[in-house]
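See structure below.
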Amino acid sequence: MSKKPYYITTAIAYASGKPHIGNTYEIVLADAIARFRREEGLEVFFQTGTDEHGQKIENKAKDAGITPKEYVDNAAGQIRKIWDLMNTSYDKFIRTTDEDHKKQVQKIFKKFYDQGDIYKGCYEGMYCTACESFFTDSQLVDGKCPDCGGDVYPAKEEAYFFKMSKYADRLIKYINEHPEFIQPVSRKNEMMNNFLLPGLQDLCVSRTSFTWGIPVEFDPKHVTYVWLDALSNYITGIGYDVDGNSSERFKRFWPADLHLIGKDIIRFHTIYWPIFLMALDLPLPKQVFGHPWLLQGDGKMSKSKGNVIYADTLVDFFGVDAVRYFVLHEMPFDNDGVISWELMVERFNSDLANVLGNLVSRTISMTNKYFDGVLTDTKDESVAGAMEVDTDLKDVALMTVEKVVRKMSELRVADAISEIWTLFKRCNKYIDETTPWILAKEEDKKSRLQTVLYNLAESISIGATLLYSFMPETSEKILEYFGTNKRSLEDMNKFGLLMSGTTLAKDPEILFKRLELEEVLKKVETLNLNGNKEDTEGVDVEAKAVIEYDDFAKLQIQVGQIVKCEEVPKSKKLLCSQVKVGNTTRQILSGIKQWYSAKDMIGKQVLVITNLAPKKIAGLESQGMILLAEDDEGNASLVSPERNIKPGSEIS
């Protein structure tokens, strides 16, 4: 009998840099769901990948002195390395620079144009480079991007637009008739009330101000807007063909069962993507789940804030499965979760080392001590109260299976893990109730002791099997220690499948050794890991040719003080500063409007190259260069003296 197909996707990661633990949470969550669906007997196809086009990447590549393709090749490799480190079982890693994807995106664009869904126009609005999105003034929050909080700038360019309003009523009807489509419900209400019901604006689907994208085949000065490109991966990755020659995989797995995405991109996946699919005459995905964020302290992780923690850093401290446990267990269904070093250590010690690790260690140790590691199910309930405690333990074990299956069907992953830990805690309580160390002192209680240890081993084996989707390596270790294999969910409706006569491991390694908080925090401080491993590692740039000292000596670098600064009319990037250097003032143009306002610049001391030949920029003469430092995330900072020093002072 053929297995039922199940297609799950993550959002594809933007290939602008190394993913932090908040980004990594999504792939681990998707992996847990994919693994569990496989345990339920489904044929799972799990797709993830990288989104590799756009202005931000073009800018980063230019700053690094490499081609955009070289830049994304490195970034995609780094992302995939993290995904593999976290032991994720994806079936396909798609890149939007893949040739088959690019070809289909061009066909999709042409199809939309030919059927009248796309028209050429002109866009004028506020643009956020980081989010690759346009906004109207009314959509801004305190003059900033409503999605990331970053700077926006005025942009005007020729573009193609998609007629969103053409499909809006159809989408509203679909959402109302399919209440399970957008989850959690709070996300559905947000989309309906804030976007669909007030009326959809037409969507810009091409750009002309940069070139790093998929060219529009019939109008090559345009490149496909990143969201039309990126969203299409969910169908191109499984073999969709616009011309009707789609693969058998596409026919089997589409529509997707689950798009798993962050809540910040829910609008693109529940409004733009469904409308694109309607225009392609394809069925909509069965469900889009907008998961919450993993926060550090009370704020969203951001490299610009310097509060980023990376998965590989955490793995170095705690191990892969401990990190998987934490991010999955600490994220509520529809509220943001919080991560900190202190909370990680607390959970590691209490949940992993104490509840689980100690339970496994005690059970194996007692079985080895009293019965040379051999389990025997004597079903002895001759001791007073034995039947009641045994029955309760067995009931909890079997109910845990039912509860975990139910929670996972609702995508309540954290709750499913909590149910497994309820079983492990019940096992620990069972040890206290049955007091094996006392039973071992009396020869006529040995049969009862064998039953107690068997019941513990069987219950732990059930819990370990359920644990596999969330902590696969730990699950496999425990089952190996107990001389058994992972069971199917179907087989776990009966207590007592662990074979009598099974021999346990003689000297298993400790699953989780307790950690001292002070030692962890001291190491974090020593390594300067308070949120940003990448910062401590520094930024690698392509080396330029070696120069002689005399070459450097030709540059005259002096301290300047900005006395006046204005925006350059009609320029997206330029500020015009009047800079006092010594007893003279010179005019210098700088492409720094993305990071500094004209008002911010006034009064700042900066370092200026003063012996550059004057140059005309935007019709104005620039008489020098203000020095800046820029990291690999595109964040720039003026280079200034450590303390105020007289304008004109020379750098030597």
_Angle between the chain longest axis and helix 55-64 axis [Cα atoms, degrees, rounded to 10]_ = 80
*Using a ≥ b ≥ c from the Cα gyration tensor of region 340-493 (square roots of the eigenvalues), is it rounded, prolate or oblate, where a/c under 1.5 gives rounded and otherwise the larger of a/b and b/c decides, a/b for prolate?*
prolate
_In sequence order, calculated HN-Hα J values of region 240-247 (Karplus, 6.51, -1.76, 1.60; Hz; x Gly/Pro)_ = 5, 10, 4, 7, x, 9, 5, 6
*region 463-522 to region 590-607: how many Å between their Cα centroids?*
58
*In whole percent, what relative contact order does region 35-148 give with Cα contacts below 8 Å and a gap of six or more residues?*
25
*Ordered by packing density, taken as the mean number of other Cβ atoms within 10 Å over each peptide's residues, highest first, how do 108-120, 20-32 rank?*
20-32, 108-120
*Ordering of 459-470, 194-205, 436-447 by packing [mean C-beta count within 10 Å, highest first]*: 459-470, 194-205, 436-447
*At 222 nm, what helix-only mean residue ellipticity would the chain give, in deg cm²/dmol to the nearest 500, using -39500 (n - 2.57) for each DSSP H run of four or more?*
-11500 deg cm²/dmol
_Below 8 Å between Cα atoms, with a sequence gap of 6+, how large is the relative contact order for region 468-523 in percent?_
32
_Gain upon complete extension [Ser637, Leu612; 0.36 nm per residue less C-alpha separation]_ = 6.9 nm
*With θ set to phi - 60°, apply the Karplus curve 6.51 cos²θ - 1.76 cosθ + 1.60 along region 391-406 and write out the HN-Hα couplings as whole Hz, x wherever there is a Gly or Pro.*
4, 5, 4, 5, 4, 4, 4, 5, 5, 4, 4, 4, 5, 5, 4, 5
*Cα centroid distance between region 1-60 and region 313-362, in Å?*
22
*Please state the relative contact order of region 549-638 as a whole percent: Cα pairs under 8 Å, 6+ residues apart?*
27
_Alpha-carbon centroid distance for the pair region 138-195 / region 371-406, whole angstrom_ = 53
*Counting Lys +1, Arg +1, Asp -1, Glu -1, what net charge surrounds Gly560 among other residues with beta carbon under 15 Å of its beta carbon?*
+4
*Quick one: net charge of Cys122's neighbours, Cβ under 10 Å, K/R +1, D/E -1?*
-1
*Return the percentage of antiparallel bridges among DSSP beta bridges fully within the chain, rounded to the nearest 5 %.*
70
*What label, among [x] 151; [y] 217; [z] 185, belongs to volume of the Cα convex hull per residue in Å³ computed from the structure on display?*
[z]
*In nm, give the distance between the simple-model label positions of Thr435 and Asp336, each being 7 Å from the Cα along the Cα-to-Cβ direction.*
5.1
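Quick note: the coordinates plus some simple rules give every number you see, no bench work behind them. Since we're looking at a predicted model, the values are computed, not measured. Backbone-built Cβ (ideal geometry, glycine too); neighbour counts: all protein chains shown.
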